[in-house]
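Notes to accompany the following structure.
The values are calculated or read from the model by the stated rules, or taken from the named source; none is laboratory data. Computed from a predicted model, the values in this text were never measured in an experiment. Note that we place each Cβ from the backbone using ideal geometry, even for glycine, and neighbour counts take in every protein chain shown.
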Amino acid sequence: EAGVDPETDFDGNANFSGSHDKTWALVESGAFQARVLNEVVWDEAVEEGRVDVSRARDFFVTPSYFDYNWTARGDLDAEFGDGFTLRVQNALVSLDGSDQDVHDLFSTDSFIESQNENYQAIQDMAKFLGIIQN
């Protein structure tokens, strides 16, 4: 969408650094030409002065998308009693501003109920990139 062709616009192959902080450090050092990392993590690092923004900067931010998810094993109700999975879900989605410590642990403002189809765009891109197959 941004007109960048990773096959021709960068020297070398894509690489995985293992962590967000290593990713921007590798860009700062010149070892990586570009980076992809979580916007919340990036914004926090910039705000705290952990990034040299003269050497690593944003050039594109993806539109919002469904990201991290919590998935319950199918046998939890059998193991812990009928309705257990729903009680866990309700506990997470009902957290409010008074539970900021919990939200901070997950770098989020809230939890929402989600459906499989919310991740279709991610699955489609992973298939396009050859990360997963049909």
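Here the condition is being out of contact with any strand residue (DSSP E or B) (no Cβ under 6 Å at 6 or more places or on another chain), of a type outside the set (A, V, I, L, M), in a helix (DSSP H, G or I) and not assigned by TED's automatic domain parsing to the domain that holds Asp5; of Asp109, Asp104, Asp43, Asp82, it holds for Asp104 alone.
The numbered conditions (1) assigned by TED's automatic domain parsing to the domain that holds Ile112; (2) within 19 Å of Met125 (Cβ to Cβ) are all true for Asn15 except (1).
Residues are listed down the side, and each one gets a yes or a no for (1) on the phi < 0 side of the Ramachandran plot; (2) basic (Lys, Arg); (3) loosely packed, with under 11 Cβ neighbours inside 10 Å; (4) without any contact (Cβ under 8 Å) to a residue 24 or more places away in the chain:
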site: Ala72; (1), (2), (3), (4): yes, no, no, yes
site: Leu86; (1), (2), (3), (4): yes, no, no, yes
site: Gln89; (1), (2), (3), (4): yes, no, no, no
site: Leu92; (1), (2), (3), (4): yes, no, no, yes
site: Ser98; (1), (2), (3), (4): yes, no, yes, yes
site: Phe111; (1), (2), (3), (4): yes, no, no, no
site: Asn116; (1), (2), (3), (4): yes, no, yes, yes
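Applying the set (1) surrounded by 12 or more Cβ atoms within 10 Å (Cβ to Cβ); (2) outside any helix (DSSP H, G or I); (3) assigned by TED's automatic domain parsing to the domain that holds Asp5 to Asp58 leaves exactly one unmet item: (1).
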